[in-house]
Amino acid sequence: MDMGKVEQLRDEVIGLRPVYCEIGNATELLLKDGTIILDKRTLNSVVKALAAAYAVNLKAQRKHLQEKLDRKGILPFYLGDGRVFIPLKMRQAVTANDAVYGYIDLNYMTEPRPQTGKECAIELINGIKLQVLSGQSTVLGVQHTGTVVRSLLQPDKPKDVIEELIIQAVHAVVNTLTDQHRQLRRIEEKLDRR
């Protein structure tokens, strides 16, 4: 795998994935053209470096988003030009303080597909396939939060943002209800067999 630094590839980066490799804890940089580059630094260091490359103050942005969204914890971050990176659980922690969440640019995600258990698969529009350790409804909720973040932080955004948010919220509800309907149908089938 090729090595690089996020600062050198900043405009091409569409995802950050924490990984364990022979050099230890590192970060994969997912690029627009479908290639994956390894940055030797931990995910937190890479996120800080990427934000610094765009002169974004992540602490101030997080504080603003916590107030506006009335939420704490891991939040999306915004780099400008509609680029919102949403957090997705991409690995299990091996030691304390391991980064388990990676970040994907909302603009490059397709519809998450449910898998077995509490996992789902996401294919990026460039063909990169990701296994996420969260259910489909959780990912849809995070995508919705990312859209809200974009509407809060993107200057001069037309007022049709509210309409887009409503459509995405309805879409998330429909997907959740569809999943629940499938689960109920499976339960009914098992009960009918008895």
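Take the range 16-63 and flag every residue that is small (G, A, S) and in contact with a helix residue (DSSP H, G or I) (Cβ under 7 Å, 6 or more places away or on another chain).
Matches in the range 16-63: A51 only.
One residue is enough: does the range 129-138 have a residue meeting the conditions more than 17 Å from the chain's Cα centre (by Cα) and modelled with pLDDT of 85 or more? Walk me through how you get there before you give the answer.
First, pick out the residues of the range 129-138 that are more than 17 Å from the chain's Cα centre (by Cα): none.
No, because not a single residue in the range 129-138 is more than 17 Å from the chain's Cα centre (by Cα) and modelled with pLDDT of 85 or more.
Filtering the range 1-56 down to residues that are assigned to a loop (DSSP other than H, G, I, E, B), open to solvent by 50 Å² or more (accessible area, probe 1.4 Å) and in contact (Cβ under 8 Å) with a residue 60 or more places away in the chain, which residue is nearest to M90 (Cα to Cα)?
Going through the qualifying residues, I end up with K32.
Pairs, please: C-beta under 6 Å, at least 6 apart or cross-chain, first residue more than 11 Å from I86 (Cβ to Cβ) and in the range 128-147, second among the hydroxyl-bearing types (S, T, Y)?
As it stands, the answer is S137/T176, since those pairs meet every condition given.
Looking for whichever is in a strand (DSSP E or B) and among the polar types (S, T, N, Q) here; the options are Q66, Q92, Q131, Q61. Which one fits? So that I can check it myself, show each step before the final result.
Working: Q66 fails: in a strand (DSSP E or B); Q92 fails: in a strand (DSSP E or B); Q61 fails: in a strand (DSSP E or B).
Only one candidate qualifies: Q131.
Would you confirm, using the coordinates I've provided, whether Q92 is of a type outside the set (V, I, T), surrounded by fewer than 18 Cβ atoms within 10 Å (Cβ to Cβ) and modelled with pLDDT under 90?
So Q92 passes the test.
The values are calculated or read from the model by the stated rules, or taken from the named source; none is laboratory data. Because the structure is a prediction, the values reported are computed rather than measured. Don't worry about glycine lacking a Cβ; one is built from the backbone with ideal geometry, like all the others, and counts go over all protein chains shown. In case anyone asks, the SASA skips ligands and DNA or RNA and just uses the protein heavy atoms, side chains included. Shrake-Rupley method; radii C 1.70, N 1.55, O 1.52, S 1.80 Å.
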